[in-house]
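Data block below; observations after.
The values are calculated or read from the model by the stated rules, or taken from the named source; none is laboratory data. Source: prediction; values computed, not measured. Neighbour counts run over all protein chains shown; Cβ positions are idealised from the backbone, glycine included. SASA here: full protein model, heavy atoms, side chains in, ligands and nucleic acids out. Shrake-Rupley method; radii C 1.70, N 1.55, O 1.52, S 1.80 Å.
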Amino acid sequence: LLLFFFQACTGIENIDEAITLLEQNNWDLVAAINGVIPQENGILQSEYGGETLHGPAYGPASHSTAASSTPSSSSAFRHVVPSRQIVERQPRMLDFRVEYRDRNVDVVLEDSSTVGDIKHILENELQIPASKMLLKGWKTGDVDDSTVLKTLHLPKNNSLYVLTPDLPPPSSSHSGALQESLNQNFMLIVTHREVQREYNLNFSGSSTIQEVKRNVYDLTSIPVRHQLWEGWPPSATDDSMTLAVSGLTFPCHRLTVGRRSSPVQTREQSEEQCTDVHMVSDSDGDDFEDATEFGVDDGEMFGVASSALRKSPMMPENAENEGDALLQFTAEFSSRYGDCHPVYFIGSLEAAFQEAFYGKARDRKLLAIYLHHDESVLTNVFCSQMLCAESIVSYLSQNFITWAWDMTKEANRARFLTMCTRHFGSVVAQTIRTQKTDQFPLFLIIMGKRSSNEVLNVIQGNTTVDELMMRLMAAMEIFSAQQQEDIKDEDEREARENVKREQDEAYRISLEADRAKREAQEREMAEQFRLEQIRKEQEEEREAIRLSLEQSLPPEPKEESTESVSKLRIRTPSGEFFERRFLASSKLQVVFDFVASKGYPWEEYKLLGTFPRRDVTQLDPNKTLLEVKLYPQETLFLEAKE
C-alpha cells in the first residue's frame with residue numbers, strides 16, 4: 001500500500017527504484033516523497049489546530065494555529081500529501097526468541113520483514129554465515145529466506161531455533177582459545193588524522209568496537225557518526241563485535257581516525273529541523289557536533305561521558321514493574337546529575353495519565369515524558385545543563401507531571417513504543433521509532449483531551465535552556481486556554497447538578513410521610529414473619545434433636561433376654577403411658593434420652609418416682625438403673641418444671 005501511494009504521488013513507475021527510495025527513508029512515506037518532490041511542493045499538515053506547514057521552513061504560518069479546527073484522533077500528528085489521502089497501516093511488531101546451542105537471541109521485527117532479515121540479524125549476533133543456518137520452529141510448512149513474515153500469520157511472540165549441520169560442533173579447545181582472547185588486552189595505536197596525534201589505548205578482548213569509538217570520541221571530540229576510520233580488519237563489519245573476534249592484530253594494532261566531511265548548516269536550517277509545538281522534526285541531529293555551544297568545554301564533556309560509561313544503566317531491562325524501574329531511574333539520575341532535577345512520577349504511564357488528566361479541571365496538569373538514551377552524545381549536556389536547571393525544575397514541578405523512560409536497551413525501547421502506540425496512535429509511535437540515537441533525549445509534552453491524549457510538542461536534545469523554557473511556556477498557554485474551557489464546562493455541569501439535587505430533595509420530602517407509613521407496616525409484617533420463623537426453627541431444632549436421640553438409643557432388649565432387664569412405665573402430663581425395657585446395666589442417661597425422644601426433654605420436664613417419691617432427674621445420669629433402684633420394674637411420671 002505504501003509503495004502504491006509513493007508511486008502515485010511521485011510518478012515513479014520503476015518499482016525497484018521506488019522500493020530503493022523508500023528503504024533509504026526507512027519506509028517513511030512523507031520523508032521519501034519530500035526527498036523526491038522539491039521541498040517547496042511538499043506539505044506537512046498537523047492535526048492540531050488544522051494548520052498546514054509548507055516546505056522545510058513552513059513559511060510564516062509555521063507557528064500559527066487555526067482555532068476553528070478540532071482534532072478527531074488520539075494522535076496529535078498526521079501527514080498529508082496534496083490531493084491524496086494516505087492511510088498509513090500501523091506496523092505490527094513480532095518478537096522472536098531464537099535458540100542456538102547455549103545462547104538465546106531476542107529479535108524484534110515488523111511483519112513486513114522477511115525470514116532472510118532474521119538470518120542477517122542472527123549472522124551479526126552469532127557470527128555464523130546466513131547461508132549456513134537452518135531456521136527451524138515455524139508452525140507452517142515450507143519457509144525460505146524470501147518469505148514475508150506477515151504471510152505466515154504468526155503470533156506476537158515466537159520461538160525458533162538454529163541448526164548448523166554444515167558447521168562442526170565447537171570443540172573445547174576452540175572455546176578455550178576464544179575465552180583466552182576475550183581475556184587478552186589489545187593495544188590500539190589510534191592516529192588522529194587532522195591534528196597528527198597518536199593515542200595509545202588499552203582495551204580488553206571483551207570490549208566492543210562501539211566502545212572503542214565512544215572512547216575515541218571522548219579524546220578527539222569527533223562524534224561516532226562523523227568518525228571516518230582506516231585500519232579495521234575486513235571481518236570487523238559490526239560495531240557490536242568484540243575485539244577478540246574482530247580480527248585485530250595481537251597485541252598491537254594501528255588505526256587512523258578523521259572527521260567525516262559534512263556541509264555546514266546555517267542557523268536557520270538548524271532551527272527548521274527542531275520540532276515545533278505542532279510539528280514532528282525530521283532532523284537527524286547532524287548539526288549538533290559537540291557541546292561547546294552550550295558553554296561546556298571538551299574536558300568537562302569528556303569527564304561526564306567517561307563517568308557515564310562506567311555507571312550502571314538508568315533502568316533495568318525487562319523490568320516487570322514500571323514503578324520499580326522508575327525508582328532505579330530516579331536514583332541513578334540523582335547519582336549522575338545531582339539532586340536538583342525534576343520530580344519523576346513513580347508508577348506506570350497509565351497512572352501518570354490518571355494523576356495528570358482525570359482530576360478536577362482546576363487540578364489538571366500537562367504530562368511531560370522524558371525519553372533518556374545513554375548512547376546519545378547530547379544526553380549528558382541536556383541532563384546536566386538544561387533538565388537540571390533550577391528554572392526548568394521549578395516550572396516543571398508547578399505545571400507538569402513528569403514521567404521518564406530509558407530508551408537505551410532495545411527491550412525497554414520496544415516496550416515504550418508499544419505503550420506509545422496504545423495511547424497516542426501509530427503516527428506518533430512511528431515518529432519516535434524513526435528518531436536516531438543522536439537526536440535523543442526527547443521531551444514529549446502531552447495534554448489530556450476528553451476522548452484522547454494529544455502530543456503538543458516533541459523537544460529534541462539539541463536545544464538550549466531558553467528555548468526549552470519557551471516551548472514549555474508555549475505548551476502551557478495552549479493548555480491554559482483548554483483548561484479554562486474545561487473549568488467553565490465543569491462549573492456549568494455542577495450548577496445543573498445542584499438544581500437537580502434540589503429538585504430531588506423536594507421530591508424526597510414529599511414522599512417521606514408515605515414512605516414512613518409503608519415502612520412501619522413492612523416492619524410489623526417482617527417482625528411477625530421473624531417470630532414465626534423463629535418458632536418454626538425451634539420446632540425443627542427440637543424435632544431434629546428428638547430424632548437424633550431416638551436413633552442413638554440402644555435397641556430394646558427382648559423379654560427372653562438372658563441379661564437383667566428393667567421394665568419402666570412412664571406416665572405423661574396428659575395421662576398417657578408408654579413403656580419400654582432397658583438393660584439393668586444401662587445408664588440413667590439412656591432413660592433421659594428415651595423420654596426426650598418422646599418430646600419431653602429433661603431441661604423442661606422432671607421425672608418423678610412413686611414409692612418413695614423422688615426426682616429422678618436429680619440423680620447422677622452416669623449411674624446404672626440397678627444402682628438407682630429402677631430394677632426390675634418401676635412406674636414413673638413426667639411433670640413440667642416451673
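When residue 631 is tested against (1) at pLDDT 90 or above; (2) buried (at least 19 other Cβ atoms within 10 Å of the Cβ), only condition (1) is not met.
Within the stretch 449-490, the set of residues being under 25 Å from the mean Cα position of the chain (by Cα) and open to solvent by 20 Å² or more (accessible area, probe 1.4 Å) comprises 449, 450, 451, 452. Among residues of the stretch 548-604 being of a type outside the set (A, V, I, L, M, F, W, C) and in a helix (DSSP H, G or I), the one that is most open to solvent (accessible area, probe 1.4 Å) is 551.
Counting only residues that are part of a strand (DSSP E or B) and open to solvent by 40 Å² or more (accessible area, probe 1.4 Å), which one in the stretch 96-117 is modelled with the lowest pLDDT?
103
Among the residues of the stretch 343-360, those identified as part of a helix (DSSP H, G or I) and surrounded by fewer than 16 Cβ atoms within 10 Å (Cβ to Cβ) are 350, 351, 354. Among (1) touching an Asp or Glu at 6+ places or on another chain (Cβ under 9 Å); (2) on the phi > 0 side of the Ramachandran plot, where does residue 596 come up short? Just one mismatch for residue 596, condition (2). From the list 379, 330, 402, the lone residue that is under 30 Å from residue 109 (Cα atoms), of a type in the set (Ser, Thr, Tyr) and either modelled with pLDDT under 85 or in contact with a Phe, Trp or Tyr (Cβ under 9 Å, 6 or more places away or on another chain) (or both) is 379. Screening residue 91 on (1) open to solvent by less than 50 Å² (accessible area, probe 1.4 Å); (2) at pLDDT 75 or above shows it passes everything except condition (2). Taken over the stretch 465-517, the criterion of being touching a residue at least 60 places away in the same chain (Cβ under 8 Å) and under 15 Å from residue 361 (Cβ atoms) is satisfied by 479, 483, 486, 487, 489, 490.
Just give me the residues in the stretch 605-622 being open to solvent by 90 Å² or more (accessible area, probe 1.4 Å) and farther than 24 Å from residue 542 by Cα, in sequence order. Within the stretch 605-622, 611, 612, 613 qualify. Residues considered: 219, 248, 228. Of these, the only one that is open to solvent by 60 Å² or more (accessible area, probe 1.4 Å), under 26 Å from residue 123 (Cβ atoms) and either out of contact with any helix residue (DSSP H, G or I) (no Cβ under 7 Å at 6 or more places or on another chain) or at pLDDT 85 or above (or both) is 228.
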